[in-house]
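For reference, the structure is listed below as structure tokens.
The values are calculated or read from the model by the stated rules, or taken from the named source; none is laboratory data. Note that the structure is predicted; figures quoted are calculated from it, not measured. We place every Cβ from the backbone using ideal geometry, glycine too, and count neighbours over all the protein chains shown. Protein only, heavy atoms only, side chains kept; ligands, DNA and RNA dropped before computing areas. Shrake-Rupley method; radii C 1.70, N 1.55, O 1.52, S 1.80 Å.
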Amino acid sequence: MVRPAVTKTIGLGPGDKMRSALGPWLSLCAGNYPGWVRDKTQANSAAAETGPGDGLVKAGGIVFIVGAIATLVTVAPLFLHTDPFPPVAYAVCMLMGVGFLIAAAGVLRGVAAQRRQARSAT
């Protein structure tokens with residue numbers, strides 16, 4: 001089935017009209033890409049590989065989110081005019097910073113591995 005091309009007009013000024021930048025390839029139907037596209041990801045794609053430090057970044061993200069939720073829960077009584085939590089609860093908020101440091105260590109570990117790989121290639 002051939003879909004008709006859309007001749008979308010763009011108003012540049014009074015009476016001025018221009019064809020769409022994508023021309024005959026622009027279509028209002030979903031999934032109409034002008035080129036050939038695979039419907040499945042290759043098994044050996046680079047996205048499937050995990051490098052050094054990726055686990056630290058994921059763990060740091062999880063710890064950061066736990067700390068962020070703890071921060072919201074700890075600050076909520078201030079806005080709700082209720083009794084504040086004990087000081088130990090405020091210490092849990094420090095997990096946000098700890099998670100950031102763990103993720104940063106993972107990024108630095110990945111950078112160091114890429115630099116070693118680049119040096120060995122030359």
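Odds and ends about this structure:
- Carbon + sulfur, % of accessible area of region 48-101 - ligands and nucleic acids excluded, 1.4 Å: 81 percent
- Distance in nm between pseudo-label sites at GLU49 and ALA105 (7 Å out along the Cβ direction from Cα): 2.5 nm
- Computed on protein heavy atoms with a 1.4 Å probe, the accessible areas place ILE65, ILE102 in the order ILE65, ILE102, largest first.
- The local environment of PRO52, defined by Cβ-Cβ distances under 10 Å, has a net charge of +1 under the rule Lys, Arg +1 and Asp, Glu -1.
- HN-Hα J in Hz across region 72-80 - Karplus 6.51, -1.76, 1.60, θ = phi - 60°, x for Gly and Pro: 5, 5, 6, 7, 4, x, 5, 8, 8
- Charge context of VAL111, other residues only, Cβ under 14 angstrom, K/R +1, D/E -1: +3
- For the pair VAL73 and MET94 in one chain, pulling the backbone fully straight at 0.36 nm per residue adds 6.2 nm over the alpha carbon distance.
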